[in-house]
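Have a look at the structure below before the remarks.
The values are calculated or read from the model by the stated rules, or taken from the named source; none is laboratory data. Fair warning: this is a prediction, and the values are worked out from it, not measured in the lab. As a convention, Cβ positions derive from the backbone with ideal geometry for all residues, glycine included, and neighbour counts pool all protein chains shown. In case anyone asks, the SASA skips ligands and DNA or RNA and just uses the protein heavy atoms, side chains included. Shrake-Rupley method; radii C 1.70, N 1.55, O 1.52, S 1.80 Å.
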Amino acid sequence: MRPEKSYTIWFSQRTGSTLLNEALSSTDVAGNPAEWLLFNDPKTMTVDKMEQMWREGTSSNGVFGLKTSLNSEWITAFRNIFQLPETATKASVWRAAFPNCDKHIYMTRRNKVRLAVSWWRAIVSGEWHRQHGQKPQEHDIADKYNFDAINHLFIESSLREAAMEDFFSEEGIVPLTIVYEDFILDYEGTVLRVLDFLNIQSESVEVAPPAFDKLADDVAEQWVQRYRQERQAGSETKVW
């Protein structure tokens, strides 16, 4: 099943991409934009596996979606699979792998400190998502604060976004930007805005309620405040 239309959700961790994935899937008209590449190895990828991925991520109206962070190994793999020259831009390689992929959604989060803390909290607690209404997991992570780890994730999130922005700039792509802080305040409105961006009729579409609850807690807030203080220690000008 070759998709009639494809789109990509580009994300760094902890920006609401899984929440958006679930919401779009619930509409039955926007494919199932899961992390399909996460389930495959670029070194063993084949056209047959690509076709299987298309089938699993495409809704009945021919729309395929996926979400991913930019990975140079996949660009190389797709370039080889589809026998594209080294001069081919990353975006043209992507279009070969995902037919008619001319729509891109860029997910970001304004507060990168809170992003990094949320990421580290998920790593040490093992709780990456909490289904709506589910009882919070019991875990004692108050002593798991780690400045170096949070600082690494703070930098990595910025580098990931820089790589994605470079991908867009290479061919002048203007993505639909979804800001996490705005998304959680206007959940359904954001989902409908995505459908409009994808040129998908949404008049009779029903968007399922949010699949997940927020994980931020008092411990996370303590880490945020501690990190920002330690990060600026010794600085003559404290910006936050």
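Descriptive notes on the structure:
- Selection count where residues are without any contact (Cβ under 8 Å) to a residue 60 or more places away in the chain and open to solvent by 40 Å² or more (accessible area, probe 1.4 Å), scope the range 82-94: 6
- Considering residues of the range 205-222 that are acidic (D, E) and in a helix (DSSP H, G or I) only, the residue modelled with the lowest pLDDT: D218
- Count of residues meeting criterion [over 30 Å from F154 (Cβ atoms), in a helix (DSSP H, G or I) and open to solvent by 10 Å² or more (accessible area, probe 1.4 Å)] in the range 1-53: 7
- Just one of (1) surrounded by fewer than 18 Cβ atoms within 10 Å (Cβ to Cβ); (2) modelled with pLDDT of 95 or more fails for E138. It is (2).
- Selection count, the range 212-226, where residues are touching a helix residue (DSSP H, G or I) at 6+ places or on another chain (Cβ under 7 Å) and over 19 Å from F183 (Cα atoms): 4
- The set of residues in the range 97-107 being surrounded by fewer than 22 Cβ atoms within 10 Å (Cβ to Cβ) and touching a helix residue (DSSP H, G or I) at 6+ places or on another chain (Cβ under 6 Å) consists of C101 alone.
- Sole residue being within 30 Å of F64 (Cα to Cα) and more than 14 Å from the chain's Cα centre (by Cα), chosen from R160, R121, R130: R130
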